[in-house]
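K.L.:
I am attaching a structure below and will ask some questions about it afterwards.
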Amino acid sequence: MGDQRYQADVAVVGGGLAGLTAACELAARGKRVLVLDQEGPQNLGGQAFWSLGGLFMVDTPEQRRLRIRDSHALALNDWLGSAQFDGPQDYWPRRVAEAYVEFAAGGMRDWLAGIGMRWFPVVGWAERGGAQAGGHGNSVPRFHITWGTGPGVLAPFVRMARAYEAAGTLVFAFRHRVTAITRKAGLIAGVGGEVLEDTQVERGQKSSRVVTASFEVEADAVIVTSGGIGGDFEKVRRAWPVDRLGPAPARMVAGVPAHVDGAMIDVTAQAGAGLINTDRMWHYCEGIRNWAPIWPEHGIRILPGPSSLWFDALGTRMEAPFLPGFDTLGTLKRILSTGHAHSWFVLTQGIIKKEFALSGSEQNPDLSSGKWREVLKARLGSGGKAAAPVEAFKEHGADFVVAQTFDELVAGMNRLAGEMGDPLLDGATVRAQIEARDAQVANPFSKDAQITAINGARRYLGDKLIRTAKPHRVLDPAHGPLIAVRLSVLTRKTLGGIHTDLDGAVLDDAGDRIEGLFAAGECAGFGGGGYHGFNALEGTFLGGCLFSGRSAGRAAG
């Protein structure tokens, strides 16, 4: 093994969205930048590539065209009500959150539009809350899907980075795994680590960890942008907030590849960084096993509209606000309270064709194409069918049961429950709950909270056009067949992590800056060490990578 040596003004550890954003800011200022990533060039862009490309923005032209009245004050109220910051450790997270909301209501859209981003005209309404006005949730739709989805968010930054690379200002060092942040005379002096053998695996697949050499980097500053822990189930379980959510699931599916292992967070802590809010995390309740997996335990999230009936593992229909799309962590706690980590959707073909979408760029080829023709063909030209990726899961997915009659549906659900070691469902109990709900559908004074929510959603033009099915009886054969989906907990985002200030400068355990060391993106809780607090409003993960990466790049250079 031979050593490889590099010199740079700034070393950026991680080639995801936050790292690319920081690197481009630095290179634009004439700094010599080295971007290191343990994966190969095929993984450039990291987790953002797989995303739906949603961005939390406030009072935009897209919102105004749909008659959505939004404001900085309303967005900040929603954010703080959701975050529930609760201690002195949240001083910087709250400062970063306030700065991000101001940015999202100010210069964010113009900046991104100026480098080529465009957005789907229908603004999505995620995390609707469903409890009190001062609590969790978005008061209005704010989820702006980027044309091209995740790859569309990455495209301008990849383009700029490659241009800086061609000009000699920026260098990529792939398959370089950082294992130490180095110091000289007490000051940050660079990083060191291991060179891994080249890999030809496809993006997202698990790659080799065979070491072929070591390396050292001399740099005036280091920015850590290495991502979270969602690919390592054991780390997730060790960090799990049992007191808030209940015991960690024994079985989960992975919303991120195996290389999202949080190792660099530990390396940064060894260099003196303080870690805060490490028990705050964001995992989804609507995970399904991918029938064509790319990484180990690969799961996909269903993005449901509000109409699917949601039953817990014991066959009890879940109460408000634990409805599809309203309160992710509240629903997760409700599911786990049964002693099991799975739940069920029961719905109709009429619901699935209008309301079901799957999270991620690869599951939305029409939006990823950025072409209206493809979107109209996929969303409106499919007749009685759902979008092709959803129909593929319905046909091939191990978690889907499709039946013409209710008795056949329950029998199929129980066959699947038996295979998974789950409790069996009592068909008569499930039927009685569906019949009670169905009896309320035609009642304009319905006391069923979910039907009220459906009617409320359809008052928003965007939901009525493409997202929310017209209310109908689930047991009406005219809307069949019946469909049941077994849902698992899907690991995804780390909400806490490396403690930073508003500039992205890393703080030690005493809260003092470590000069020359910065962090951004998910490893820093998307800014400050957890700018979401306890709850996310969605569109804030990519937004946090952009904002914190930009801040760290400007401060480090």
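The values are calculated or read from the model by the stated rules, or taken from the named source; none is laboratory data. Predicted, not measured: the structure shown is a model, and the values here were computed from it. Glycine also receives a Cβ, built like all others from the backbone with ideal geometry; neighbour counts cover every protein chain displayed. Ligands, DNA and RNA are stripped out before the accessible areas are found, and what is left, the full protein with its side chains, is counted by its heavy atoms. Shrake-Rupley method; radii C 1.70, N 1.55, O 1.52, S 1.80 Å.
K.L.:
Of all residues in segment 536-547, count the ones that are open to solvent by 10 Å² or more (accessible area, probe 1.4 Å) and not aromatic (Phe, Trp, Tyr).
P.N.:
Counting residues in segment 536-547 that are open to solvent by 10 Å² or more (accessible area, probe 1.4 Å) and not aromatic (Phe, Trp, Tyr) gives 3.
K.L.:
A further question follows. Before we move on, is Ala439 modelled with pLDDT of 90 or more, more than 16 Å from Gln349 (Cα to Cα) and not charged (D, E, K, R)?
P.N.:
yes
K.L.:
Same structure, new question: Step by step: first the residues of segment 446-464, then only those that are surrounded by fewer than 19 Cβ atoms within 10 Å (Cβ to Cβ), in a helix (DSSP H, G or I) and of a type in the set (Gly, Ala, Ser), then the one that is modelled with the highest pLDDT. Which residue is that?
P.N.:
This residue is Ala449.
K.L.:
Could you list, in sequence order, the residues of segment 221-261 that are among the β-branched types (Val, Ile, Thr), assigned to a loop (DSSP other than H, G, I, E, B) and in contact with a Ser or Thr (Cβ under 8 Å, 6 or more places away or on another chain)?
P.N.:
Ile229, Val256 - these are the residues of segment 221-261 that are among the β-branched types (Val, Ile, Thr), assigned to a loop (DSSP other than H, G, I, E, B) and in contact with a Ser or Thr (Cβ under 8 Å, 6 or more places away or on another chain).
K.L.:
If Asp266 passes every condition in (1) out of contact with any helix residue (DSSP H, G or I) (no Cβ under 7 Å at 6 or more places or on another chain); (2) touching a residue at least 40 places away in the same chain (Cβ under 8 Å) but one, which one does it miss?
P.N.:
(2)
K.L.:
Considering only segment 310-328, state which residues are out of contact with any Pro (no Cβ under 9 Å at 6 or more places or on another chain), modelled with pLDDT of 95 or more and not aromatic (Phe, Trp, Tyr).
P.N.:
Matches in segment 310-328: Asp312, Thr316, Arg317, Met318, Glu319, Thr328.
K.L.:
Going by the conditions given, is Pro296 under 19 Å from the mean Cα position of the chain (by Cα) and surrounded by fewer than 18 Cβ atoms within 10 Å (Cβ to Cβ)?
P.N.:
Spelling it out, Pro296 is indeed under 19 Å from the mean Cα position of the chain (by Cα) and surrounded by fewer than 18 Cβ atoms within 10 Å (Cβ to Cβ).
K.L.:
Also, quick follow-up: Just for segment 432-445: of the residues that are open to solvent by 40 Å² or more (accessible area, probe 1.4 Å) and in contact (Cβ under 8 Å) with a residue 40 or more places away in the chain, which one is farthest from Trp310 (Cα to Cα)? Give the steps one after another, and end with the answer.
P.N.:
Step one: list which residues in segment 432-445 are open to solvent by 40 Å² or more (accessible area, probe 1.4 Å), which gives 432-433, 435-436, 439, 442-445.
Okay, now just the ones that are also in contact (Cβ under 8 Å) with a residue 40 or more places away in the chain, so 433, 435.
Values: Gln433: 11, Glu435: 14 Å.
Filtering first and then ranking leaves Glu435.
K.L.:
Any idea which residue in segment 358-374 is surrounded by the fewest Cβ atoms within 10 Å (Cβ to Cβ), counting only those that are in contact (Cβ under 8 Å) with a residue 60 or more places away in the chain and within 26 Å of Ala313 (Cβ to Cβ)?
P.N.:
Gly360
K.L.:
Now for a different question. In segment 79-118, how many residues are aromatic (Phe, Trp, Tyr) and surrounded by 22 or more Cβ atoms within 10 Å (Cβ to Cβ)?
P.N.:
3
Results for (1) within 22 Å of Phe356 (Cβ to Cβ); (2) open to solvent by 10 Å² or more (accessible area, probe 1.4 Å); (3) at pLDDT 95 or above, shown as yes or no for each residue.
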| position | (1), (2), (3) |
| --- | --- |
| Pro471 | yes, yes, no |
| Leu475 | yes, yes, yes |
| Pro481 | yes, yes, yes |
| Asp503 | no, yes, yes |
| Val506 | no, no, yes |
| Leu517 | no, no, yes |
| Gly521 | no, no, yes |
| Phe534 | no, yes, yes |
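K.L.:
Part of a strand (DSSP E or B), open to solvent by 10 Å² or more (accessible area, probe 1.4 Å) and either under 25 Å from Asn43 (Cβ atoms) or modelled with pLDDT under 95 (or both): is that true of Glu216 in this structure?
P.N.:
Working: part of a strand (DSSP E or B): yes; open to solvent by 10 Å² or more (accessible area, probe 1.4 Å): yes; either under 25 Å from Asn43 (Cβ atoms) or modelled with pLDDT under 95 (or both): yes.
Spelling it out, Glu216 is indeed part of a strand (DSSP E or B), open to solvent by 10 Å² or more (accessible area, probe 1.4 Å) and either under 25 Å from Asn43 (Cβ atoms) or modelled with pLDDT under 95 (or both).
K.L.:
Kindly provide the set of residues from segment 375-394 that are open to solvent by 60 Å² or more (accessible area, probe 1.4 Å) and either modelled with pLDDT of 90 or more or in contact with a Ser or Thr (Cβ under 9 Å, 6 or more places away or on another chain) (or both), ordered by number.
P.N.:
Ala388
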